[in-house]
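The values are calculated or read from the model by the stated rules, or taken from the named source; none is laboratory data. The structure presented is a predicted model; accordingly, all values stated were derived computationally and were not measured. All Cβ positions, even for glycine, are placed from backbone atoms using ideal geometry, and neighbour counts span all protein chains on display.
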Amino acid sequence: MIKLVNVSKEHQRNQLLNNINLEIERGKVYGFKGRNGSGKTMLLRAILGLIKVDGQVIINDKALKFGAKYPLKVGVFIEKPSIITEFTALKNLKLVAALKGITDINVMTKYLVELGLDYKDKRKVRKYSLGMKQKVGIAQTLMGEPELIVLDEPTNALDRKSIEKLVQILERLKQQGCTILIASHQFEDIESVVDEVVHIEAGALE
C-alpha cells in the first residue's frame, strides 16, 4: 500500500529524517513509538506528502509527488485538533463532511457520539475542555471510515474511559480494513490495537 524508500529530510543542517525505509500494509495498525522530538510527526508528514523529502514515498506502486492530490481517502489528526473554536462541534463536523461529500447527519456525528459528546450541544467549542476538543478532532478524522487514518498523539487530554473507547473504535476500523498510523509517546495507551511497532529515534528507525 505505502512504501518509503530512502526517505530523508534536512532543515538548516539538522537531519530530521534519516534514510527511512518502511512498508505499510493495508488493514494493519502501525504504532510509531519514540520520545518527543524523535521524528514521529515529521515521518507522518512525509507519508502524507505534506513535506518535501529526499527519497520516495510510493503509494499503490506510484511515487507520490509533493503538492499532488493524495491518492487515498485519508483522515488526518496531526498535533492538535483542526477545529474552529467559535463554531459548535456540529458545525465543525459539517465543514469536514462537506469536504468528504458526506450529507448524512448520522455519519457526520457517529464518532462524536461514540466518544461521549452530544452533537446537539449549542456551546461554541472554545468553551470545551481540552479533552472535549480532542474528541471533536478525532471525530472529524474518523468520519466516513477513510482507508488511511493518521493519528498523532490522539490520547492527549483524554481520560482513561475515553482512551479505552477510542481503542475499541480503532480495533473495529481495523477489522473493517482501514489502515491506521498512530504516533504516541504514551505508547501503553494504544499498544493493544497495534499490529506493528515502528521505533524512531533522532529521525531514524531503530
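Go over the candidates 23, 86 one by one and state the one that is within 23 Å of residue 131 (Cα to Cα) and either free of Cβ contacts under 8 Å to residues at least 12 places away in the same chain or among the acidic types (Asp, Glu) (or both). Give the derivation first.
Working: 23 fails: within 23 Å of residue 131 (Cα to Cα).
It is 86.
Yes/no matrix, rows are residues, columns are (1) crowded, with 19+ Cβ neighbours inside 10 Å; (2) of a type in the set (Asp, Glu); (3) at pLDDT below 95:
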site: 108; (1), (2), (3): yes, no, no
site: 121; (1), (2), (3): no, yes, no
site: 126; (1), (2), (3): no, no, no
site: 131; (1), (2), (3): no, no, no
site: 151; (1), (2), (3): yes, no, no
Residue identified as more than 14 Å from residue 76 (Cα to Cα) and either assigned to a helix (DSSP H, G or I) or charged (D, E, K, R) (or both) among 112, 99: 112
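Please go through the range 173-199 and give me each residue that is farther than 22 Å from residue 73 by Cα, part of a helix (DSSP H, G or I) and in contact (Cβ under 8 Å) with a residue 24 or more places away in the chain, ordered by number.
Step one: of the range 173-199, the residues farther than 22 Å from residue 73 by Cα are 184-192, 197-199.
After this cut, where a residue has to be part of a helix (DSSP H, G or I) as well, the list is 187-189, 191-192.
Passing the criteria: 187, 189, 191, 192.
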Looking at residue 195, is it within 15 Å of the chain's Cα centre (by Cα), of a type in the set (D, E, K, R) and under 14 Å from residue 33 (Cβ atoms)? no
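If you go through the range 163-172 one residue at a time, do you hit one that is assigned to a loop (DSSP other than H, G, I, E, B) and of a type outside the set (S, T, N, Q)? Quick ask: steps written out before the conclusion?
First, the residues of the range 163-172 that are assigned to a loop (DSSP other than H, G, I, E, B): none.
Taking every residue of the range 163-172 in turn, none turns out to be assigned to a loop (DSSP other than H, G, I, E, B) and of a type outside the set (S, T, N, Q).
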Say we look at the range 19-55 and pick out the residues that are surrounded by 13 or more Cβ atoms within 10 Å (Cβ to Cβ) and among the polar types (S, T, N, Q); which of these is farthest from the chain's Cα centre (by Cα)? 19
